[in-house]
Every structure is written in structure tokens, then in C-alpha cells.
1. Comparing the chain by itself with all protein chains present, which residues of the stretch A:311-353 are at least 10 Å² less accessible (probe 1.4 Å)?
2. Assigning unit charges at the beta carbon (Lys, Arg +1; Asp, Glu -1) and nothing else, what dipole magnitude in debye, to the nearest 20, does the stretch A:65-189 show about its Cα centre?
3. What residues have an amide H closer than 5 Å to that of A:SER337, excluding those fewer than 5 places away on the same chain, when H is modeled at 1.01 Å from N in the peptide plane?
4. Can you give the accessible area of A:ARG135, probe radius 1.4 Å, in Å² rounded to 10?
5. At 1.4 Å probe size, what's the solvent-accessible area of B:VAL410? Round to the nearest 10 Å².
6. Determine the order of A:ARG114, A:ARG279 by accessible area, beginning with the largest, at a probe radius of 1.4 Å.
7. Which order do you get for A:LYS192, B:LYS201, B:LYS66 if you rank them by accessible area with a 1.4 Å probe, largest at the top?
8. Classify the stretch A:89-140 as rounded, prolate or oblate, taking a ≥ b ≥ c as the square roots of the eigenvalues of its Cα gyration tensor: rounded when a/c is under 1.5, otherwise prolate if a/b is larger than b/c and oblate if not.
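The values are calculated or read from the model by the stated rules, or taken from the named source; none is laboratory data. It should be emphasised that the depicted structure is a prediction, and the values quoted were computed from it without experimental measurement. We place every Cβ from the backbone using ideal geometry, glycine too, and count neighbours over all the protein chains shown. What goes into the accessible areas is simple: the full protein's heavy atoms, side chains included, and nothing from ligands, DNA or RNA. Shrake-Rupley method; radii C 1.70, N 1.55, O 1.52, S 1.80 Å.
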Amino acid sequence: MVNYGGDEVCALVIDIGFSSLRAGYAGDDTPKAIIPTHYGYTPATPDADVAMGDGTDGGEASNKSKYANIYIGQNGPSIWRPGMEIGNPITDGLISDFNPIPPLIRHALQDVMRVEANEHPILVTEPTWNTPANRERMAEIMFEEFQVPAFYIANTGVLNAFAAGKGSALVIDIGQTVASVTPVVDGFVLRKGLHQATLLYSARSSKHSPGLSHSPLPRFIHGLSKGLLTNATNYRGPIELWPHQLIASKITNPSNPNQPKTLPSLITESLRACDPELRQVLMGNVVLTGGGSLFTGLLDRLNAEMARTFPHAKIHAPGNPIERRYGGWLGGSILASLGTFHQLWISKEEWQEHGKAIVGQRCK
Amino acid sequence: MAASASDIRSALSLPDPSAVAGPSQPKKPAPTTRKPEGISRELYSLIGPSQPSVAAQVAKPRLKQKPRFATGISSATKWELKSFQNSTRKDGLQLKHWVKASDSVDAEYPFAKYNIQNPVYTYSQDEYTRFLDTSNRLATLKDGKGELEKPWTKEWTDYLFKLYHEYDGRWHVIWDRAEFPPEAGFDLEDLKHRYYSVCRKLIRNRPWPGDEAGRSALINSLQFDIEREQMRKRYLVSLESRTADQLAEEEALYLEVRRLEQTERRFKREREDLLRTLAGMDSGLPYLVEDNGVPLGIFSEPRNLNKKRKTIVGQEIDSPLTPSGAGSSVSAIKRPQNTKSAAYDAQHCIIRTELPSSTSATKAAHQPAYIRSSKIPYLKNNSMQSKVLQSFAEMGLSPSRLVMPTKENVAQLEGLLEAVTAMLETKKLLDKADHDIQVSKKQLAMRNGQLEDGEGDGEPGVKTEEAMDVDQTHDETDGNEGRGHSVGTLSESAFDVNLLRGYKCNESLDTEYKAAEAWIEVSQ
């Protein structure tokens, strides 16, 4: 094992996406627990709400009481229960609602994997445009609620590059709701990417991530297809192929500047923001990942589109669908099982000593 | 079928070879091969034991061999879940991993050694104000080129050094994370320039513990030419901003150059052939450089792009990439290569021998590397060999063996060989000339004798001084008659004279020749 630079310390890796939460042991090639991120809940009765309403001591306490019951896991949101509603904590790739996160993680670790979180160092992934407040909150959950001995939060862009075996790469990650293009150099995300990522319907998140190019186009396509399938009308156009919409979008008016960006435009903008020296390196190491990249023909179409503008582009797309769907988790699994990585963990001791500031210092 | 040999023997009533063999060859034991499994007895008796291929095919397939564990020799290795401490961590985080129980507990964590830190350069306030402060010297000339250095405050410099340390000198990441105020107007090259210049100044101005060479080497490793880098980046940008039309034009131009080159080369070759066949000479025109990978003229955009880009990434490129005419760019490309290889050769004791200029261009312009000792000059002329060997032996040398075949020694040996050969050649010629002289002297003596017998007035002393006069008088007086008379003797001696004239060995020969000629004239 030492030959490969690996040193297993029984670390766990948790990767939270919009569609599913992946958890497993570092060093494995597939996550052990894959549970839907959607959760079912029955709203709390109004009188309980009123009881907490006069307290008004922050959103957390009042939000917690929002749910009388929460249903999580494979049999959670998918089973009909009277009065149950379905929620998802993720918006635009970011965790916007932290209340269901501890139950979700607890379910994945204790009920599915049957492990005690306080015995294992845990590596959690975050999207590139994650906010410092968000990652500190995640660290807090891990240290305070799960009592983990060590914690690290790593970027999905970097992890996807690692999963493809690259230190520098242009990672095209197409998830269920968000498609993103992330330049990674030497294991670091270049944040000074774009300065105007116009995101459809999300002025809020564009405020958070001024420099990162991601697009909610997949969500839009999903929504469109759902609408088309459920209530097709006479004046709606025929169903177009999804991947082609990702690339050459004709969904909305092309002159509309607020329309979601297509993948080639995301790539072009991301590259333009990078140093000219880096462009060739990045174009030679394009990593296509994410479950949304599994659409038939997407890779071919993307290849053709990119060959037009960048004749030397080389796209690395794992043929194994598992590797593509859980690329972020896989990269985390690789990272957390490396012997040289163990000096980077934020230990509980450090957390108690430095507080939240250590997260920003350590996880650059 | 198997017994066919013995059958034939018995049919021809030949003796059995094993029976005929002498007693020294013991009789082999009868083949006692067992009937392989899976063959019926009848079939086996038919095909006999000498059909192993059939038997192997018929043999039952076996299951894969079970692996044999060395269970009896040693017990299984014990592994333990042990907690360990990483020495590169400042806190006391205890992680657990599985290790062999035999490993020592207090061993250093094996991955701690990979935590290598770059040397951190720090400076005191005093040092900063003395050496590094450029904010009050706005007009500092940089390399005499008249460009102004950008003003750096101490805060910015501190911040830059902090970032450099934090990101381990990954300049692209530093540039990405750095947040300088926009009025500073820094770009990546400015950051690099500042960092490296500060480091250089610190090293130069501080007392150095080691030797001077190490110090200058360190300073050299921290060199950064901001103008070159900026120019390089500009070229890069201009390369990338080419339109499709420009690319197509470049490609077309490149193809055109290649075509022209080929035509010219073909033309040259044809002319060469023509001249050689008609006039038997070389045209003397310089050959075009054979195409060996690097195309003449432009750095080929489409074909060499990958290579070029790689060099860009490796920060190696130093020549402007825009094509500037075939000739100049060729020299621009070739020159640095040569200088570099010269330095390299000097360092590695490689000596390149120039190909002889007469090598035709059609031959591969490549000379393989060889060991000098394998090319010790040897004697090519077989007839001379023994004599050369003899003379070498007289000198106490051996021409075929060189104890130290260094370049100088080989050259000296070669020179010596040539000198000896030339000397022997000369000696041979001299001998021949001497012999000829002897012969002609003999002839002269004989003719003198004849003359004395016939006319009696032929003084031998006459022949030297008065020869010409006599000749002329003869011509004037005798006219045609005398000339016709002299033809026979002249043609007789012409061969000898020519021989002598060709050999011109020494002065005495000349005088002898003159004497002979004079005598011939006189004799007529």
C-alpha cells in the first residue's frame, strides 16, 4: 500500500448532491450508501409553530420545529403518506437548508453503512461556489453533532479532477440541476474565473459566486421535460434532445441575456478568464463528469463543438457510468486514502482551539 | 504407423540399429509408458505410445491448480489497528490504520517525509528600507531599458510573500487568490518579478555562509526576466486570437514554402546529375539543407503546434513565433540550437566531426556516433604495408595498437602514418629515378664509346656549357636534314626524359637531364 501512497485511516467520504447523497469508505471505488437527498416531511402543526414564533431566536430553532416528522432514505420520500411533503436541501448546488442535513447524514452513516461517525475522520465535498458560511456550518455540524475526530471539506471540481487522475483539468460537471465548468490548476480551483455568470432565476447565487461559471440549465431542461411530458400543449414545440439543448440551447430566446448558458459558452468564458498560459493545459485535460453527462450523444456533440473552437482539446470522460455519476465521491475517496493527505485534516482539537476560522485556512 | 521404421527394417531385412550398436551403448529399457487415461485399450494399442499429441488432446481437463499456501512453514502475518501520529501535524491528532504487528510502534510516519517546505525568505524592516523599498524611487531604471518599476509598498510585499508561502509558489493560484487593490495594476508577471527580485536582493546583500558559486547559482535560479515573460505572453495571446482565415492562410503559406523547397531541391539535384554526367564535375552550388524534421522557414503552425505549445508550457520558448521570412527564421532557429549543443558537447566531451563537404545531399546527412578507438587509422595500401610496418618497427611503435586513443593521439598517429607513407612513396620514386639515371648514364657511356670510336672529336666536356649554342648552330646550318636525322634518337630518349621530368626529385636530376639532352643534340 505504501507503494501507491495510500494509507487507509478508515476515513469516510460524504458527497451531497441534488439527486443523491453518497457516503462510503475512503479507498473504495463506489460509495457504500447512496440515498436520495429528497426527503419527505409532514409540516408541524400550526400551534407548535405559534409556540416557537414568540421566541424568534434565530431561524434554526423555528425551522427545526417546521417538521413534525421527517422521512429519509429509499423508503422516505417515495412512499405516500398522508400530509407528507417533499423537500430538498440543495438549491443551485449549494446547501440552502441545513435542517435535514444531519438526519440525512445520520441515516446514511448509521442506518445504511452502520458506522459510528465519531470513530472516523470524515471528508465532505462542496461545490466550487460554496460560501465560507456554508462550509463553516458543515464543519460545525460534523464536529458538534457527529463528534468526528477529524474533518475536511474538499471541492468537487478538484475531486473530479483527482478522480480522473489529473492535477490540472477543466472539469465539466453536469449534475441534475447545475452544470458547471471549473478550471483546476495544481489541485486548486481558479476562482477568478468569470465575473459575470448570469444565472437564470438565481440572482442570489450569482451574488455568492461572482467568478464561477455554472449554469442551472440541467434543471431547466428537467423542468421543461417534466412540463412537456405532463401537460403538453399545442403551442409548445416538439421535444428536443436534451444533451443538444445543453450545448446549443434553443429553449429560450437567444437574444435574452438571462437565458441559461450553454456548455460551450461556459467553457469559452471560463477559459477566457484564465491565464493564456493555462489555456492549453486546461484544454488538453478536459474532464467530463456528472450524471447529466451520460445523455446519449452528449460527449460526441461536445467533442464536435469543442473541436471547432479548440482544435487540440482532449476530453476525458470515464466510460464507466458509476465513475461519472460519483466522480466527486471517487475523488474524495482517493484523496482521503492518501498517506500524504492526513496532515491536512482539521482535527477536533484544532476546531476547538481555532474555531471556524480554521476551515478557511486549511481548506483553500 | 508408429512402427513404420522397424517395419521397413524388417521388410528390407536390415538389422535393428539398437541390436547392432556396440556394447558401449547400453540397451535402452523398453518403453514402459502407461496407457493414458481417457483412451480405450484398443485405440492405445493401435496408435501406440508415440502419439503424445493425441493423448494430450484426449486427456481430461483438470481444474485450476489450487494455490499452495505456506501454512506449515509460518503462520499468517499479524496485522493490528494501531493509532499513529503524523509528525507534520502540529496538533495531536491520532488516526488509526492497519499495520503489520511486527512494525515498530514509534517509527516515523512514512508519509511525513513528503511534507517538503520551500525555503521561506523573510526580511526585517531594516532590510526592507535599505534594499527593497522601491516606493520612493519611482524612476528606478530597470536594466537600463528605461521602464519604470511599479511601486510596491511593504504591505503588498508582505502579502505577496505570505501568499507565496501559503500556496507553495504556485503562481497561477497565487495570482488567482491575490487581491491587490486595483490601483496597483499588477499582473502575474509583476508579482513574479517582485518576488524574485526581492529574493535576489536579499541573497546578494546578506552574508552568505557557503561558497560564492553556490550563491550565484542560487541567484541565477531566481532570475526572472519580466519583459521576456510579458512578450511571451503577448505572443501567446496573439497566437490564440488568430482567426480561422489567418490560420488557413498560414497553412497555405506553409504548404507553399514546402512546395517551393521541394521544387528547388529537385531542380538542384537534376542539375547536379546533369553536370556530373556531362562534365564530370560538381556544380559547386551549395546544397539545400536536407529536411530533417524542422521545416525550413516557418514554424509549421498545424504540424508543430503541439510541440510548440509544449515548449510554451514549459516556458522554454525564446524566439518570436511570427514568421519573418524564410532565411532569417532559419538562422534564428538554428543558431540557439548550435550554441546550446556546443556548450553541451563541451560539457560531455562530445566531439562532432564535420561531414566531408563532398558528401552528396542525397546521402543521409547523419553520422552515427562511434567510439574513437574503433576508428584508429589503419593502412589502406597493402603493397606499402609491410614497409610501413617495418619503419614503424624501426621507430619502436606499433601502428595498430594505441594505448591511449585520445583525440590528439589518434591525430598524431594518423599524421605519422601519413608521413611515413609519403616518405616511403618518395623513397620509391627516388629509387626509381636513381635507377633511371643509372640506366641513362650507362647508355650515355655506351654512346660516348660509340662516338669516340666513330668520329673521335666528341669531347665529353663540351656537353655542359656549349650545348645550346651547338644546338642552335646545328639547327641553323643543318636545317631539315639535321632535324629529320634527330627524330629517331629524340623519340628514343623522350620516354626517359619525360619520366625524369615528371619525377623532379632533386636538383642533380635536372642537371643530369640537361646533360643528357645536350649530349643527344651533340650526338646528332
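1. By number: A:HIS312, A:GLY339, A:THR340, A:HIS342, A:GLN343, A:TRP345, A:SER347, A:GLU349, A:GLU350.
2. Numbers: 7 positive and 13 negative charges, 50 e Å.
Once rounded to the nearest 20, the dipole reads 240 debye.
3. Amide H neighbours of A:SER337: A:GLY27.
4. So the heavy atoms of A:ARG135 present about 30 Å² to solvent.
5. 10 Å²
6. Values: A:ARG114 180, A:ARG279 50 Å².
Per-residue accessible area, sorted high to low, gives A:ARG114, A:ARG279.
7. Working: A:LYS192 75, B:LYS201 50, B:LYS66 170 Å².
If we order A:LYS192, B:LYS201, B:LYS66 from most to least accessible, we get B:LYS66, A:LYS192, B:LYS201.
8. On the way: a/c = 2.35, a/b = 1.70, b/c = 1.38.
Judged from the Cα gyration tensor, the stretch A:89-140 comes out prolate (a/c at least 1.5, a/b above b/c).
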